[in-house]
Amino acid sequence: MIAIVGPTASGKTEWGLALAKERGGEIVSVDSRQVYRYLTIGTAKPRGQWSPASPRTYLVDGIPYHLVDFLNPDAVFSAADFARRAEDLIKGIRTRKRMPILVGGTGFYFRALLEGLAPLPPADDALREELRTVADHHGREYLHHQLAQVDPLSATKIPFNNIHRVVRALEVYRLTGKPISQWHLEHPVKSNPDEPLEVIGLDPGKEELEKRLQQRCGWMLANGMIEETQSILQKGFSDNCAGLSGLGYPHIVAFLKGTISRDETLQRLIQDTRRYVKRQRTWFGHQMKVQWKKS
């Protein structure tokens, strides 16, 4: 099994498709936002189409590309959900005598699949609603500040705009009295000695990556990210639904509400992407044994 990892705009999708064509593989996407329907521009979802035959498969240049474009934007898809689905897909790919290729930049999903997760308590809908009400009344920054007070380690890793992860971290603390970061530290890593995994990391270098991410953010804004966000809202989905909590979308929502300008939207999108890239580089550099290549 091969994994293609790295920061946003490093070229993972292109490398993964080329490798799948060369080695007879199928891709399992490891991206927490490409799972959603209607979110294409802002998630850099690879352009493809669903096969008409059953079982329906998302195809990109004829290559099966799994775990993209299958959930409505209001669905919550956890790392544990991802791990269960990915394990089943990998078994199916091997049954077809093809190579599983993991492609993506969501580090926590990789951890869930390869190492397992802590045995956290199930969701408490009433508590989640209470925490979301606090965020609605006082702002997401206020809720994130509450998290920083009880779990500073998680607060450094979770952006304030990722309301679903902030709520989950506070939920776990309120239910157990223990920070979610402590749960993960105490959970033993799952060992897979019989599971060979080659991890290829892509990184074009700091200057080139900065250039690419600025170009990507500008392109997204000019080529439909605003319109696709507006379309999702017009379909009746909430502006704080799971899909729209992803990188950049809260700023588009703010622009549509008239609270920030288009130029400010672009600058915030670039700034958030830059911060996310920094976290990705740090995570993959410390959590996985990566063979880095310049892309």
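Based on what the data block shows, is ALA123 farther than 28 Å from LYS21 by Cβ, surrounded by fewer than 17 Cβ atoms within 10 Å (Cβ to Cβ) and touching a residue at least 24 places away in the same chain (Cβ under 8 Å)? In short, yes.
Checking each residue in the range 81-113 for being in a helix (DSSP H, G or I) and either open to solvent by 40 Å² or more (accessible area, probe 1.4 Å) or hydroxyl-bearing (Ser, Thr, Tyr) (or both) picks out ASP81, ARG84, ARG85, GLU87, ASP88, LEU89, LYS91, ARG94, THR95, PHE108, TYR109, ARG111. You will find that of TYR173, TYR249, the residue that is farther than 24 Å from ARG33 by Cβ and of a type in the set (Phe, Trp, Tyr) is TYR173 and no other.
If you check LEU175, LEU143, LEU197, LEU185 for being modelled with pLDDT of 90 or more and within 22 Å of the chain's Cα centre (by Cα), only one passes: LEU143. In the range 137-156, of all residues being open to solvent by 50 Å² or more (accessible area, probe 1.4 Å) and touching a residue at least 12 places away in the same chain (Cβ under 8 Å), the one that is farthest from LYS178 (Cα to Cα) corresponds to GLU141. Within the range 51-80, if we keep just the residues that are touching a Lys or Arg at 6+ places or on another chain (Cβ under 8 Å) and charged (D, E, K, R), the residue that is least open to solvent (accessible area, probe 1.4 Å) turns out to be ASP69. Scanning the range 51-81 for residues that are closer than 30 Å to ASP239 by Cβ and at pLDDT below 95 turns up ARG56, ASP74, ALA75, VAL76, PHE77, SER78, ALA79, ALA80, ASP81.
When each of THR95, THR133, THR106 is tested for being closer than 17 Å to LYS157 by Cα and β-branched (Val, Ile, Thr), the lone residue that passes is THR106. Among the helices (runs of 4 or more DSSP H) confined to the range 177-295, the ones with at least 3 residues that are within 27 Å of ARG128 (Cα to Cα) and open to solvent by less than 50 Å² (accessible area, probe 1.4 Å) are located at 180-186, 225-234, 249-256.
Filter the range 1-16 down to the residues that are outside any loop (DSSP other than H, G, I, E, B) and open to solvent by 20 Å² or more (accessible area, probe 1.4 Å) and list them by number. Of everything in the range 1-16, those that are outside any loop (DSSP other than H, G, I, E, B) and open to solvent by 20 Å² or more (accessible area, probe 1.4 Å) turn out to be LYS12, THR13, GLU14, TRP15.
For ARG33, the stated conditions do not hold, so it cannot be described as in contact with a helix residue (DSSP H, G or I) (Cβ under 9 Å, 6 or more places away or on another chain), under 26 Å from ILE226 (Cβ atoms) and without any contact (Cβ under 8 Å) to a residue 40 or more places away in the chain.
The set of residues in the range 1-60 being within 17 Å of the chain's Cα centre (by Cα) and of a type in the set (S, T, N, Q) consists of THR8, SER10, THR13, SER29, SER32, GLN34, THR40, THR43.
The values are calculated or read from the model by the stated rules, or taken from the named source; none is laboratory data. Keep in mind the model is a prediction, meaning the values are calculated, not measured. All Cβ positions, even for glycine, are placed from backbone atoms using ideal geometry, and neighbour counts span all protein chains on display. Protein only, heavy atoms only, side chains kept; ligands, DNA and RNA dropped before computing areas. Shrake-Rupley method; radii C 1.70, N 1.55, O 1.52, S 1.80 Å.
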